[in-house]
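Okay, so here's the structure we're looking at.
The values are calculated or read from the model by the stated rules, or taken from the named source; none is laboratory data. Note that the structure is predicted; figures quoted are calculated from it, not measured. Here the Cβ positions follow ideal geometry from the backbone for every residue, glycine too, while neighbour counts run over all protein chains shown. In case anyone asks, the SASA skips ligands and DNA or RNA and just uses the protein heavy atoms, side chains included. Shrake-Rupley method; radii C 1.70, N 1.55, O 1.52, S 1.80 Å.
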Amino acid sequence: MSLADRSLVTTDDLSNEEIEAVFSLADEMSDSINKQSTVCQGKVMASLFFEPSTRTRLSFETAMHRLGGNVISAVDIGATSLAKGESIADMARVVGDYADIIVIRHPWEGAAKVVADYAGVPVINAGDGSHEHPTQTLCDLYTLKKERGTIRGLRIALCGDLKYGRTIHSLIYALARFGVARIYFCPGRGLKMPPHVLRKLTQEYGGTLYQHPITKPPSLGQRVDAIYVTPSESHQLALMPDIEINIDISEGALYVTRLQKERAKDANQEAVSTEGYPVINADLLKGKEFKHTIVMHPLPRLDELAYEIDADPRSMYFKQAARGVPIRMALIALLLGAKKTDISKPEALPAQKIAYPVYKQEFGVRCANSNCVSTQKGETRYIKPEFKMVDLKPLTLRCVYCEHETHPPYIASSDWHQGLLTNKKYHGAASHLTRKIKPENLIIFDSESEAQARGFKPSSYAIRKGE
Ligand code: NCD
């Protein structure tokens, strides 16, 4: 089977078997890294990095050079026509005509999906705002496999910025899919895992989330905020809900990230601070509970990872970064069709597992995330808001671009009773009508003025309080 012509926008775009195939090819590539110079000969990779990057950009570019391909690049929005107001879609179409594959990093969530929708060539998301960073996840999983032999059954603590850290968001879904046993969440203050990530995790990958602090990790100096127990272990724990669970990652991993200051300052969210931010240092690693724990970090680091542990054999972060080259070589070669996998029968992709009804209308409701590509001025000219209806009680829409959730307050039916204008009514989204109206007839509004602008009048179910 071939992965040719596919894009990698989120980790859901690859099945577990396909990820394993990337790893096998990466093994081959790293064993003979100097003998790959004809694999992508004559191919061109466009490297578009509109946010700072060292590892990701240079490892992608190194990978393409090692495969014998060529690289064109743009690293500054200000030096591209985006600065003149060009849309991402137009840029994608143009670059897709020049290059055989595009790697994009962009500060807006969902930007990589737009590029993939319009470029006509494979697109790799190298980080879109705080949404996802799937190739970092490939490096992380590959490191876990190499250092621990398997991912299944591991216990892993995720520390630091769980709110804005895109590497964390991509990683968590993959960990669940590969059957880790437990994930401990240790966020910095105001940096908890966002609700939309938690919903996707439990609704789509199963398992149980214990949101109340169950224990204090002995020396992380930080309260465990929640524990996610994957399906293989959840049954056992559900039988003993009050049990005192001690953080136990001695045979697992501690994955820490820096505070994503650049994103926290943009968002008008609750204040974040480095006070009480988890710090991994020699003192902490002295604890016997961390005797064999490996320490991972996507880098760059700030103060959360002390330099004094760099020589410690448990520290894996520079290995993680070095593995970025063979991993990205394997991925580029597969997406360009220069290499094939030996998967005979493809598994369903995780993204296809639950067929949520899709809601797509030009009017009425927009994504509530101000950093979503679908809400940006120039992009609204062509992007129609599109959502997956992930819940009806309460009505919950997940934006297909950034995956943030919106809870719109009003609904109506396009098939109003007997076609009489007097029956053109809107209702509170919490009323039973949300579940009664056929999905194909449902119209959703994020305000009363939107509903009224479309000629709808309030019904007796339009009162939000006490519906
Ligand atoms: C990460 C990123 O860009 O999200 N860096 C990387 O690609 N290794 C993590 C970070 O910037 O903190």
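With respect to being more than 25 Å from Tyr277 (Cα to Cα) and among the basic types (Lys, Arg), Lys146 fits the description. Arg66 meets each of the listed conditions (1) without any contact (Cβ under 8 Å) to a residue 60 or more places away in the chain; (2) under 27 Å from Asn34 (Cα atoms); (3) in contact with a helix residue (DSSP H, G or I) (Cβ under 8 Å, 6 or more places away or on another chain) apart from (1). Selection within the stretch 165-191: residues that are among the charged types (D, E, K, R) and surrounded by fewer than 23 Cβ atoms within 10 Å (Cβ to Cβ). The member of this set that is nearest to Leu14 (Cα to Cα) is Arg177. Residue check: Met329 meets all listed conditions (1) within 28 Å of Ile19 (Cβ to Cβ); (2) open to solvent by less than 60 Å² (accessible area, probe 1.4 Å); (3) not basic (Lys, Arg); (4) not in a helix (DSSP H, G or I) but one, namely (4).
The numbered conditions (1) touching a residue at least 60 places away in the same chain (Cβ under 8 Å); (2) within 16 Å of the ligand (Cβ to nearest atom); (3) exposed (fewer than 15 other Cβ atoms within 10 Å of the Cβ) are all true for Leu302 except (1). Would you confirm whether or not the stretch 314-323 contains a residue that is surrounded by fewer than 23 Cβ atoms within 10 Å (Cβ to Cβ), touching a residue at least 24 places away in the same chain (Cβ under 8 Å), within 16 Å of the ligand (Cβ to nearest atom) and hydrophobic (A, V, I, L, M, F, W, C)? Yes - at least one qualifying residue is present in the stretch 314-323.
For the stretch 34-64, which residues satisfy the criterion of being surrounded by 15 or more Cβ atoms within 10 Å (Cβ to Cβ) and more than 29 Å from Glu262 (Cβ to Cβ)? Even if it seems obvious, please write down each step before you answer.
Within the stretch 34-64, the first condition is being surrounded by 15 or more Cβ atoms within 10 Å (Cβ to Cβ), and the residues that meet it are 36, 39-40, 43-51, 53, 55-64.
Within the stretch 34-64, Gln36, Val39, Cys40, Lys43, Val44 meet the criteria.
Within the stretch 269-288, the residues that satisfy the criterion of being open to solvent by less than 40 Å² (accessible area, probe 1.4 Å) and in contact (Cβ under 8 Å) with a residue 60 or more places away in the chain are Ser273, Tyr277, Pro278, Ile280, Leu284, Gly287.
If a residue has to be more than 15 Å from the ligand (Cβ to nearest atom), of a type outside the set (S, T, N, Q) and open to solvent by 10 Å² or more (accessible area, probe 1.4 Å) to count, how many in the stretch 138-164 make the cut? Please lay out each step first, then the result.
Step one: filter the stretch 138-164 for residues more than 15 Å from the ligand (Cβ to nearest atom), giving 144-157.
Filter once more, keeping what is of a type outside the set (S, T, N, Q): 144-149, 151-157.
Retained after the next criterion (residues that are open to solvent by 10 Å² or more (accessible area, probe 1.4 Å)): 145-149, 152-155.
Counting residues in the stretch 138-164 that are more than 15 Å from the ligand (Cβ to nearest atom), of a type outside the set (S, T, N, Q) and open to solvent by 10 Å² or more (accessible area, probe 1.4 Å) gives 9.
Among the residues of the stretch 1-27, those that are surrounded by fewer than 17 Cβ atoms within 10 Å (Cβ to Cβ) and over 22 Å from the mean Cα position of the chain (by Cα) comprise Met1, Ser2, Ala4, Ser24, Asp27.
Taken over the stretch 239-278, the criterion of being outside any loop (DSSP other than H, G, I, E, B) and modelled with pLDDT of 60 or more is satisfied by Ala253, Leu254, Tyr255, Val256, Lys261, Glu262, Arg263, Ala264, Lys265. Pairing residues of the stretch 132-151 that are of a type in the set (Asp, Glu) with residues that are part of a helix (DSSP H, G or I), at Cβ distances under 6 Å and at least 6 apart in sequence or on separate chains, gives Glu132/Arg166; Glu132/His169; Glu132/Ser170; Asp140/Leu171. The number of residues in the stretch 282-305 that are farther than 23 Å from Leu171 by Cα and part of a loop (DSSP other than H, G, I, E, B) comes to 3. Taking the residues in the stretch 83-108 that are of a type outside the set (Asp, Glu) and open to solvent by 30 Å² or more (accessible area, probe 1.4 Å) as candidates, determine which candidate is modelled with the lowest pLDDT. Among those that are of a type outside the set (Asp, Glu) and open to solvent by 30 Å² or more (accessible area, probe 1.4 Å), it is Ala83. Residues in the stretch 356-374 that are touching a strand residue (DSSP E or B) at 6+ places or on another chain (Cβ under 9 Å) and farther than 20 Å from Ser7 by Cβ: 13 in all. The criterion of being in contact with an Asp or Glu (Cβ under 9 Å, 6 or more places away or on another chain) and away from the ligand (no atom under 16 Å from the Cβ) holds for Ser81. Of all residues in the stretch 119-137, which are open to solvent by 10 Å² or more (accessible area, probe 1.4 Å), more than 15 Å from the chain's Cα centre (by Cα) and either farther than 26 Å from Leu67 by Cα or among the β-branched types (Val, Ile, Thr) (or both)? Across the stretch 119-137, the qualifying residue is only Val121.
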